[in-house]
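The values are calculated or read from the model by the stated rules, or taken from the named source; none is laboratory data. Computed from a predicted model, the values in this text were never measured in an experiment. Here the Cβ positions follow ideal geometry from the backbone for every residue, glycine too, while neighbour counts run over all protein chains shown.
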Amino acid sequence: MYKLYIHPLPVRIWHWLNALSFLLLIFTGLQIRYAGLFDVISFRNAVILHNWVGFFVGANFLLWLGFYLFSDKIKVYQPELNPKKYFPAMFRQVYFYAYGILRGEPNPYRVTVYGKFNPMQAMTYQIVMLLLLPLQFYTGVLLWDVTGFAAQIDMLGGVRVISTVHVLLSIAFVGFLLSHLYLISLGHTTFAHTKAMITGYEDIEGEEPSAAAEAPETR
Amino acid sequence: MKNPAFALRRSASLLAAMFALALALPCTQAIAQDDEDAEEIALEEEDLACLECHDDPKLETQLESGETLSLHISTKAFLGSMHNENSCADCHYEIDIEDHGEGQSTITSKRELGVSMGDSCRDCHKKKYREYDDSVHAALIAEGSKKAPMCADCHNPHTVKSWELAEPEAAMPCGKCHDKIFDAAATDVHGLARSNKENPAPVCSGCHKAHGVKAASLGTGLKDTCLDCHKDAAELHKVWLPNAELHFEAISCPVCHSPDAQRRINLRLYHGTGTSQQQLLEKSGVPQFLKRAKAMDVEGEGLGDRELIALLKQFTNDADDGKTVVRGRLEVTAGVDAHRLAEKSKAISDCKTCHQAGAEPFQSVILTIAGPDGRPIRHDVKKEVLNSLFSIDSVHGFYVLGSTRIKLLDYLLVLVVVGLSGGLLVHMTARWLFRRAREKRAKDAQRDSGPK
């Protein structure tokens, strides 16, 4: 077991702000959609808070994007484009989480500084960060000012279409959050991954590899 | 000073004027006499000759319709009216003096008299008449309505005064037909303000236009009228109301400002492309809307989601280009409720009035097309249409947070949460059940990696 610094400070700040924002957005979103069913805060305050937090997530996204665009850590998000390599690795990871982890088999993926995501994570985070989150932000902005963006909304099929896409993505994010919360408990201890996102250092099982093996090209 | 436009006509019918006012229109409004004005105007001899007979309260005639037509023209009232500079023959130029006053009147009814005298009004009041011709009242008359008002139903030509001088509540003629609305308006926030003379609150014509009156539930004219006086309304709403502009667009003012009103959703048919959409008009002579709607609505319980789609498709197919869509609007169900406006502090500001499942305004949904006479033609729509996934296109421009949410998405959310939670719980259980196997494997690995 050795420690590896895989979560730089900007990423950790972004992550925790994003986590808090996601919880607030889900809470206020549910309050808006299901007003009357439960009323923790008023509908109006829920809408206002939802709008503000939504814009904050957009700004926070730029922090995340800026960090990765201007650092060599962007390697962690580079997709494996060769399906002959990607799919076997992906299936190995799925097998591990579905069965291997139960039997105590070692994780088939070894985390490195430039390869902190296993194939499942890499695929999921690419979709979430580069497709779903921007799309959710865009539909949110359209719904924030329906009259101001009337032409775009009309072109895209109307406010009902935009709202449906926004809600479908919200449901996907709720699913993502549930899965994420469970999967982060699957470290060598329940809170090992959570602790890593606070300190930046992840505990890696096995012998520490040589410095050459950690170079960006090795991923 | 006399109107020179009438000089020739009057000189040709000097004698006729003696009898002209015999066919006086029915007195429909009471306006106070103004003796001072009366003294300043001097009548021509021919007009005095008319009034010699007609200024008799007992002068009247029986019409074919059985009605009694008063022929009385009060000289004093006429001199106090806005028409006091006109001669009798200016309006009653068609009268033949040879047989005027002799035998049975050729007028069959008061209504017919009013229709026939309209042309006289048109001679001078051309602009007002053009507005009137485009009004819902004129459209009703063209349809053969015996009740829709003509000029003389609101303006007694022999006593008419400026509305600015009239006491609003008593003098407005609208109450003759719209009595319930009239009574409600007298005691709402505008009516009370008028009574107390606090501010220049509008009378009926202030919002509805006296001559160009349109059906209130079509178009956006009435809202614009509200904003004409309440110029800061949009800005004031923006202070506290999220998406205020959208609310202004999709909700009629009385929905919130008449707190006790019953509300409904009005899905209005529009046709066109992009921003050039226009409210769809029912074809004159070959009405299709109700025929089609009734054909679709076999059970008579209102159009369902699929029927609405089919109906829109039929109207879309009628035109070479563009698409027929619906635009939703929240409005009060009864016109009388639009005239029960409360003071600002009592207006609805609780978002949950509309933004929650089962909210009252969403229990009643109608589909509307603008009729050829300018009045709305309606057919019921099932309220479930607003929550249907199938309405995502047909009602694509109308969505209200909370209340028109698509139910299928609610089920999907529950499925995702319950399904995932269940799956993760199964995984946790499996991990617990496999704990012995893991411990054994770890021990074996430790033993294997130990010193040999």
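Below is a table of values for the structure above.
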{"quantity": "Residue within the stretch A:1-12 that is within 14 Å of chain B (Cβ to nearest Cβ), over 30 Å from B:Ser349 (Cβ atoms), loosely packed, with under 15 Cβ neighbours inside 10 Å and touching a strand residue (DSSP E or B) at 6+ places or on another chain (Cβ under 9 Å) present", "calculated": "yes"}
{"quantity": "Selection status of B:Ala442, farther than 30 Å from B:Phe315 by Cβ and either under 51 Å from the mean Cα position of the chain (by Cα) or at the interface with another protein chain (Cβ under 8 Å from one of its Cβ atoms) (or both)", "calculated": "yes"}
{"quantity": "Out of B:Tyr411, B:Tyr399, sole residue that is facing another protein chain (nearest Cβ under 7 Å) and hydroxyl-bearing (Ser, Thr, Tyr)", "calculated": "B:Tyr399"}
{"quantity": "Residue within the stretch A:153-161 that is crowded, with 18+ Cβ neighbours inside 10 Å, outside any helix (DSSP H, G or I) and at pLDDT below 95 present", "calculated": "yes"}
{"quantity": "Among (1) part of a helix (DSSP H, G or I); (2) over 25 Å from A:Val53 (Cα atoms); (3) more than 24 Å from the chain's Cα centre (by Cα) - the single one A:Phe96 does not satisfy", "calculated": "(3)"}
{"quantity": "Filter result for the condition that a residue is outside the structural domain of B:Asp133 (by TED's automatic domain parsing) and in a helix (DSSP H, G or I), over B:Leu389, B:Leu424, B:Leu367", "calculated": "B:Leu424"}
{"quantity": "Test: residue in the stretch B:279-301 that is part of a loop (DSSP other than H, G, I, E, B), away from chain A (no Cβ under 14 Å), of a type in the set (S, T, N, Q) and over 30 Å from A:Arg44 (Cβ atoms)", "calculated": "yes"}
{"quantity": "Positions within the stretch A:152-163 being more than 7 Å from every other protein chain (Cβ to nearest Cβ) and of a type in the set (A, V, I, L, M), in sequence order", "calculated": "A:Ile153, A:Met155, A:Leu156, A:Ile162"}
{"quantity": "Residue ID - surrounded by the most Cβ atoms within 10 Å (Cβ to Cβ), chosen from residues in the stretch B:370-386 that are touching a helix residue (DSSP H, G or I) at 6+ places or on another chain (Cβ under 7 Å) and in a strand (DSSP E or B)", "calculated": "B:Val381"}
{"quantity": "Hits in the stretch B:215-229 (condition: loosely packed, with under 14 Cβ neighbours inside 10 Å and either assigned to a loop (DSSP other than H, G, I, E, B) or at pLDDT 85 or above (or both))", "calculated": "B:Thr220, B:Asp228"}
{"quantity": "Pick from the stretch B:334-367, criterion small (Gly, Ala, Ser), within 16 Å of A:Tyr34 (Cβ to Cβ) and buried (at least 16 other Cβ atoms within 10 Å of the Cβ), ranking: farthest from the chain's Cα centre (by Cα)", "calculated": "B:Ala357"}
{"quantity": "A:Arg33 being buried (at least 17 other Cβ atoms within 10 Å of the Cβ), within 11 Å of chain B (Cβ to nearest Cβ) and more than 21 Å from A:Leu169 (Cα to Cα)", "calculated": "no"}
{"quantity": "Among (1) in contact (Cβ under 8 Å) with a residue 60 or more places away in the chain; (2) assigned to a helix (DSSP H, G or I); (3) within 20 Å of B:Ala370 (Cβ to Cβ) - the single one B:Glu331 does not satisfy", "calculated": "(2)"}
{"quantity": "Selected residue (only one of B:Ser195, B:Ser284, B:Ser205 is touching a residue at least 12 places away in the same chain (Cβ under 8 Å), surrounded by fewer than 15 Cβ atoms within 10 Å (Cβ to Cβ) and outside the structural domain of B:Ile309 (by TED's automatic domain parsing))", "calculated": "B:Ser195"}
{"quantity": "When residues of the stretch B:237-278 are limited to those that are polar (S, T, N, Q) and either within 14 Å of another protein chain (Cβ to nearest Cβ) or surrounded by 15 or more Cβ atoms within 10 Å (Cβ to Cβ) (or both), the one farthest from B:Lys344 (Cα to Cα)", "calculated": "B:Thr273"}
{"quantity": "Contacts under 8 angstrom Cβ, first residue in the stretch B:400-429 being within 30 Å of A:Gly104 (Cβ to Cβ), partner polar (S, T, N, Q), 6 or more apart", "calculated": "B:Leu420/A:Ser179; B:Leu424/A:Ser179"}
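Okay, residues lined up against (1) surrounded by fewer than 20 Cβ atoms within 10 Å (Cβ to Cβ); (2) within 25 Å of B:Ser284 (Cβ to Cβ); (3) assigned by TED's automatic domain parsing to the domain that holds B:Ser205:
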residue	(1), (2), (3)
B:Lys110	yes, no, no
B:Asp119	yes, yes, no
B:Lys127	yes, no, no
B:Ser135	no, yes, no
B:Ala139	yes, yes, no
B:Lys147	yes, yes, no
B:Pro157	no, no, no
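Conditions (1) buried (at least 16 other Cβ atoms within 10 Å of the Cβ); (2) out of contact with any helix residue (DSSP H, G or I) (no Cβ under 8 Å at 6 or more places or on another chain); (3) part of a helix (DSSP H, G or I), marked per residue:
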position: A:Phe22; (1), (2), (3): yes, no, yes
position: A:Val47; (1), (2), (3): yes, no, yes
position: A:Ala59; (1), (2), (3): no, yes, yes
position: A:Asn107; (1), (2), (3): yes, no, no
